Amino acid sequence: MAIITSLKLSAALIPFESVEGGIPGWIILRADTMTISPVKDGVSITVTAAGRAFNEIGFTSVRTSIPKGTYRITAVIAGDAGARLFIGPRLFVPAPAKDTFGPDIWETVGDGPKTVSGQYTVNEDGACRIIIGLGMKENVGKRISITEFRFEPLTAPKQEVKAGAGTEYDNIIITNIDVGSKPPMLPVTITIDEPRMLRTAGRRNLGFVLLALPHDDLFMNTERTGMSDEMKKTLAAIPASLCRIAHYAGSYHANSMGWKQAVGPLADRTPGKFDAWDKASVNHFGPAELISAMQSAHPDVRFIWTVNMRNDSADDAADLAEFLTSGGSRPRGIVNWAKYRIDAGASPANIVCYELGNEEEWKSSNRMSVSDYIDRSKKIIAAIRRVDPNAKFSPHAATAPWGYGRFKGEDWRDWHRTLLREMGNDISYLAFHPYYYGYPTSVIETYFDVIRDDIRAITGGDRIKLYISEHGLWPAQKDGQKWQTTWYTTHALMGCLATAQFINRLYARDDIGIATYHCLSGGPWGLVYRGKGNDALYTTGIADMLRVWDSAVGMKVLAADVRGEHADPKKDDISFTLTAMSTDTGMNMLIVNREETTARDAAFTFSGTYDIIRSVTLTAPSVHSCNDEREKRITVTESTAIRDARTYLVPAKSIVALFLKKKY
């Protein structure tokens, strides 16, 4: 069997009146449902009937030997707008081994020819085939041409020096505090330059993702007639200036839950799945109820809505904008979508931006190409702006850039650079999902720097900001250990310290627009959980941390020069961070000391003279301490003793909010 040097798709041997001549190296699937004609360097196909599955109609290459290495698929597609095709390579491996080895290409034909591509790494010698699927129902009656198709070996890409964390962060080495040889106290000096203000402070970086799994179980009473009193009280106690609603972003799996399935009378709602492994069920506490609940607890709450890029049409997106923002007096069509929200007691939602999908370029199955993503995004933007003319939008930068060289064989920067060139005038943010420790914040910020610099270089300004739409501590996973055993670390004291440090760094940067912690309650990450023993709700240390941060928010972020060991934000060993903010009467400071056994003897220099009039300290007996339904191990204590602000002893493993009043 021949080893691949260049596998082509060319119909030169096909007579115009039949397909009996065949295509060298390829098997035609359901020739009776297609008419195939040769064109220069490829084929032109008209699909005459839909298949039971997308890959029932199309082509598959014959089994071909493939040595380990890196390969690329490229093709030029054209035809009737709206037609779709699938291209995916598959290894010949025994079940239940995974036969995919790179991104599947799902592409929509646009107004003219466009090039699609994917890059693949094969770790062992073997054999593969390539599937081209055309059996989608939207293809019936449409023409699709595939030309210049190639599957060719490449020189293996240079591996990135640093890898990442999760599916997107495999083989992660957790960088945490080395407590082996540090003294009980270290000095640190802080010079606050009060006249030099870096940016507006506010609560823009203190949001969270309003995701809860299982959703109805967390919010509703046992009778399923409304939100439980327990949850009402819990929500009111969690600061919520900004919430991302990503439940209905959709997926490629069957029966993915859409927002339209979850609004209106319960009798009219249809079952769906929030995740592929879920059992399909009716969403009782849908988006209207969710928005109403948040507005009742926090009247000034603002929202980000993550749009379903895979299953919703442009008209669906326009209906969504009407549902979220309209007053309901002038519906666009037969259905008054805003009335469903109004009937649930929700006012028009204050939408900061519409996020265009969720990690669409990262998914290993049914990965969306950049051209398809841009095509869909432009249509959705236009549709939403017909209803909400001032709407702002946030497409995604690469999901896990630290893993791109290894997982995708691609330059992670190409994705966001293409978005900026093609969509820069229509967007206000680029969404990004950094998880830390994992990587230290110093490494995460190098990716911020690249995106910031590319925004400036490509758009000529800095209007577009980063939206950190998910962040949190990534739990470590050791060989042979179930990942769930370390999930608690995200909301133990170590997770609180890491997240507070990350938020401090966000406030120091003007390229960060908004941020939402992941998430309210889902898997490893949570502000709220139900107890395993008595099913009672309890809040985690992350909720405590957000309350402390929220209490200290000021007006402007002030320039602060911090000097001392483990205080340089560009070094991986950073463990001491500080945000200083102006207030009407002086300033507030949020200080994080991640050192497990070392206090910090802080000496402050100001241009004025200040007293500390209040201090709030979050800590716990151990960095592994976490809250549960039985005990609140992470404690928050307050002191109102007035003292001079020139020195302060910051305890080990603590978050401290200082409230300063200016004397003169």
Report the local net charge at Phe54: Lys and Arg +1, Asp and Glu -1, summed over other residues whose C-beta lies under 15 Å from its C-beta.
+3
19 Å tail of the calculated P(r), the stretch 435-543, as % of Cα pairs:
51
Unit charges at the beta carbon, dipole of the stretch 423-575: most positive-side option, Ala515, Thr486, Thr446:
Thr486
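Can you tell me what the convex hull of the Cα atoms of the chain projects to on average, as an area in nm²?
32.1
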Rg followed by Dmax, in Å, when the stretch 334-484 is reduced to its Cα trace
17.9, 57
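Taking the Cα centre of the stretch 217-265 as the origin, how large is its charge dipole in debye, to the nearest 20, when only Lys and Arg (+1) and Asp and Glu (-1) carry charge on their Cβ atoms?
On the way: 5 positive and 4 negative charges, 41 e Å.
Using Cβ point charges on Lys, Arg, Asp and Glu, the stretch 217-265 gives about 200 debye.
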How large, in Å, is the stretch 42-157 by the Kirkwood hydrodynamic radius built from its alpha-carbon pairs?
14.8
Would you mind checking which residues have amide H under 5 Å from Asp628's amide H? H placed 1.01 Å from N; only 5 or more apart, or other chain.
Arg633
Expected output is a single nm value to one decimal: the length gained when fully extending between Ser117 and Ser37, i.e. 0.36 nm times separation in residues minus the C-alpha distance. What is it?
26.5 nm
What are the residues whose amide H is under 5 Å from the amide H of Val39, where those residues sit 5 or more places off or on another chain and H is modelled from the backbone?
Ala11, Ser44
The stretch 62-119 - Rg over Rh from alpha carbon coordinates, Kirkwood radius:
1.06
Which order, highest average first, do 415-426, 593-604 follow once you tally other Cβ atoms within 10 Å for each residue and take the mean per peptide?
593-604, 415-426
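So, for the chain, what is the accessible surface per residue at a probe of 1.4 Å, expressed in square angstrom?
With all protein chains present, the chain gives 41 Å² per residue.
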Over the chain, relative contact order from alpha-carbon pairs under 8 Å, at least 6 apart, %
14
Where the centre of each part is set by its Cα atoms, how far does the stretch 416-475 sit from the stretch 582-636, in angstrom?
29
Calculated P(r) of the stretch 253-393 - Cα pairs past 27 Å, %:
21
Per the charge dipole of the chain (beta-carbon charges, Lys/Arg positive, Asp/Glu negative, Cα centre), the residue among Thr115, Thr70, Gly554 reaching farthest to the positive end is Gly554
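Using alpha-carbon pairs under 8 Å, 6+ residues apart, how would you state the relative contact order of the stretch 486-636 in percent?
So the answer I get is 28 percent.
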Contact order relative to length for the stretch 380-529, counting C-alpha pairs under 8 Å separated by 6 or more residues, stands in percent at 21
Among Thr35, Ala641, Ala457 the positive-end extreme of the charge dipole of the chain (Cβ point charges):
Ala641
Give me the accessible area of Lys392, 1.4 Å probe, in Å² rounded to the nearest 10.
100
For the stretch 434-497, inverting the pair-averaged 1/r of distinct alpha-carbon atoms gives a Kirkwood value in Å of 13.8
Integer Hz, Karplus 6.51/-1.76/1.60 couplings in order for the stretch 294-299, x for Gly and Pro:
5, 5, 5, 7, 9, x
Computed about the Cα centre, the charge dipole of the chain from +1 Lys/Arg and -1 Asp/Glu charges at the Cβ has a magnitude in debye, to the nearest 20, of 560
Residue by residue, what Karplus-based ³J(HN,Hα) values in Hz, rounded to whole numbers, does the stretch 587-595 have, using 6.51, -1.76 and 1.60 with θ = phi - 60° and x for Gly and Pro?
7, 10, 10, 10, 10, 10, 10, 7, 4
Carbon and sulfur %, accessible surface of the chain computed with the full protein complex present, 1.4 Å:
51
Check which residues have an amide H placed less than 5 Å from Leu211's amide H, if you skip close sequence neighbours.
Leu520, Ser521
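The values are calculated or read from the model by the stated rules, or taken from the named source; none is laboratory data. Owing to the predicted nature of the structure, the values given are computational and were not obtained by experimental measurement. Using ideal geometry, Cβ is built from the backbone for each residue, glycine included, and neighbour counts are taken over all protein chains shown. In case anyone asks, the SASA skips ligands and DNA or RNA and just uses the protein heavy atoms, side chains included. Shrake-Rupley method; radii C 1.70, N 1.55, O 1.52, S 1.80 Å.
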